[in-house]
Amino acid sequence: EKAGYKHFMLKEIYEQPRTITDTITGFLSQENKELYEKIKDIQIIHIVACGTSYHAGLVGKFWIEKFAKIPVIVDYASEYRYRDLVIDDKTLVIAISQSGETADTRFAVLEAKKKGAKLLSIVNVVGSSLSRESDYVLYTYCGPEIGVAATKTFTAQLITLLLFSLKSALSKNLISEKYFEDFYHDLIKLPSIIERELKDIDKKTEDIAFKYHNAKDFLFLGRGLNYPIALEGALKLKEISYIHAEGYPAGEMKHGPIALIDENMPVVSIIPKDNLYEKMLSNIQEVKARKGKVISLITKGNKEVIEISDDFIEIEETNENLYPILTAIPLQLLAYHIATILGKDVDQPRNLAKTVTVE
Ligand code: M6R
């Protein structure tokens, strides 16, 4: 059932070219007329989720605000539930959950629904509680995810949020059909890019894992769309390797965390060629100046970053809005290799359950 892979997690990482394709196709086969009609009078979106699904929500915020021009707040379900929520019928709540059974998420959004919000859920498990409790449902088409660490469902959540934001923009006449098609053209290339690169990235991250698996702490830095990917990279590493890791928006480093940097601190920096590239570059230079070990995730052949990095992982160039989907995968593999080198049970990490159905 592991199809020749050593662990479910690795198998699921390798399934991503297919699950991304299936999620794009599945998304486009659903019309969801009512949802895109309703979106025209939505004034604010609340995204509510836990763990990895919460990180997908943070990326989704960028896309929804950029394309659909609707303000978005993203909250941990366990916090959202106990706030004084300001909600009316022009509020759309989006619950993101692989399982559709996470108690924190379900009960938080049911509360919002009671107060009059419309509820959209993005779930992987067909027929799950959340899917039945929601006004609208968008599925990620991943099949079962067995590894406790969410991998393929994360990239599928990203795809779904991106397509949702573009479809909403179309329905509000904020973008043209032509714009959507050009975007789709870039998006549909991702699975073959990933397919082509996976083996190399697997090898490269394994080498890096051998070099750094004894580190006590890791920092993950990113900006903009890749800031949530830094958080996700840190979460993956924590949950399966039990190494302390933190994700940070790189620009925030100088406000405190930079004090942590010394020659023992590996700093994984997500720095593709996007609109924040120059900013990110100067942040990495600050890390280097304090002798941190810089592991960069770069767009292929970027010599400028290679020169200041101790190690680097290359990804292919793409539409800059799509980088989070490509940058997430090497970080899954890096966590996987560090954890297996340390002899941890990656599919069943201690203290964790795949689905948390208690508060
Ligand atoms: O099923 P859900 O997406 O609602 O689960 C949410 C979190 O419990 C989950 O993402 C958790 O953080 C994973 N173990 C992360 O890999």
Of all residues being away from the ligand (no atom under 14 Å from the Cβ) and open to solvent by 60 Å² or more (accessible area, probe 1.4 Å) in segment 62-78, which is nearest to the chain's Cα centre (by Cα)? Just the residue, please.
Phe62
Given (1) of a type in the set (A, V, I, L, M); (2) in contact with a Leu (Cβ under 7 Å, 6 or more places away or on another chain); (3) away from the ligand (no atom under 16 Å from the Cβ), number of the condition Ile87 does not satisfy:
(2)
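Filter segment 340-354 for residues that are surrounded by 15 or more Cβ atoms within 10 Å (Cβ to Cβ) and within 12 Å of the ligand (Cβ to nearest atom) and give the result. Before you say what the answer is, go through the steps one by one.
We begin by selecting, within segment 340-354, every residue surrounded by 15 or more Cβ atoms within 10 Å (Cβ to Cβ); these are 340-342, 344, 346-349, 354.
Within segment 340-354, Val346, Asp347, Gln348, Pro349, Lys354 meet the criteria.
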Restricting to segment 249-261, what's the tally of residues that are open to solvent by less than 60 Å² (accessible area, probe 1.4 Å) and free of Cβ contacts under 8 Å to residues at least 40 places away in the same chain?
7
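Only one of Ile329, Ile313, Ile306, Ile325 is over 26 Å from Ala77 (Cα atoms) and either open to solvent by less than 10 Å² (accessible area, probe 1.4 Å) or part of a strand (DSSP E or B) (or both); which?
On the way: Ile329 fails: over 26 Å from Ala77 (Cα atoms); Ile306 fails: either open to solvent by less than 10 Å² (accessible area, probe 1.4 Å) or part of a strand (DSSP E or B) (or both); Ile325 fails: over 26 Å from Ala77 (Cα atoms).
So the residue among Ile329, Ile313, Ile306, Ile325 that is over 26 Å from Ala77 (Cα atoms) and either open to solvent by less than 10 Å² (accessible area, probe 1.4 Å) or part of a strand (DSSP E or B) (or both) is Ile313.
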I need a count of the residues in segment 5-23 that are out of contact with any Lys or Arg (no Cβ under 8 Å at 6 or more places or on another chain) and in a loop (DSSP other than H, G, I, E, B).
2
Identify all residues within segment 24-37 that are outside any helix (DSSP H, G or I) and closer than 16 Å to Leu92 by Cα; write none if there are none.
Asn32
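Suppose we keep only residues that are closer than 26 Å to Gly247 by Cα and in a loop (DSSP other than H, G, I, E, B) within segment 79-92. Which one would you say is nearest to the chain's Cα centre (by Cα)? Steps first, please.
Of segment 79-92, the ones closer than 26 Å to Gly247 by Cα are 79-83.
Among the residues that remain, those that are also in a loop (DSSP other than H, G, I, E, B) are: 81-83.
Details: Arg81: 22, Tyr82: 25, Arg83: 25 Å.
Applying the filter and picking the extreme gives Arg81.
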Give segment 219-248 a look and list any residue that's among the aromatic types (Phe, Trp, Tyr) and open to solvent by less than 20 Å² (accessible area, probe 1.4 Å), or say none.
Phe220
Condition first: in a loop (DSSP other than H, G, I, E, B), touching a residue at least 40 places away in the same chain (Cβ under 8 Å) and buried (at least 16 other Cβ atoms within 10 Å of the Cβ). Can you find one or more residues in segment 163-172 that meet it?
yes
Residues located in segment 38-53, provided they are open to solvent by less than 30 Å² (accessible area, probe 1.4 Å), among the aliphatic types (A, V, I, L, M) and not in a helix (DSSP H, G or I):
Ile42, Ile45, Ile47, Val48, Ala49
If a residue must be within 13 Å of the ligand (Cβ to nearest atom) and open to solvent by less than 10 Å² (accessible area, probe 1.4 Å), how many such residues does segment 120-157 contain?
16
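Please work out if Asp200 is over 17 Å from Thr25 (Cα atoms) and either surrounded by fewer than 19 Cβ atoms within 10 Å (Cβ to Cβ) or in contact with a helix residue (DSSP H, G or I) (Cβ under 6 Å, 6 or more places away or on another chain) (or both). Full working, then the answer.
Values: over 17 Å from Thr25 (Cα atoms): yes; either surrounded by fewer than 19 Cβ atoms within 10 Å (Cβ to Cβ) or in contact with a helix residue (DSSP H, G or I) (Cβ under 6 Å, 6 or more places away or on another chain) (or both): yes.
So Asp200 passes the test.
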Among residues belonging to segment 95-119 that are in a strand (DSSP E or B) and more than 8 Å from the ligand (Cβ to nearest atom), point out the one that is farthest from the chain's Cα centre (by Cα).
Lys118
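The values are calculated or read from the model by the stated rules, or taken from the named source; none is laboratory data. Predicted model, so just to flag it, every value in this text is computed and none were measured. Because the Cβ atoms are built from the backbone with ideal geometry, glycine has one as well, and the counts that use them run over all protein chains shown. With ligands, DNA and RNA removed, areas are computed over all heavy atoms of the protein, side chains included. Shrake-Rupley method; radii C 1.70, N 1.55, O 1.52, S 1.80 Å.
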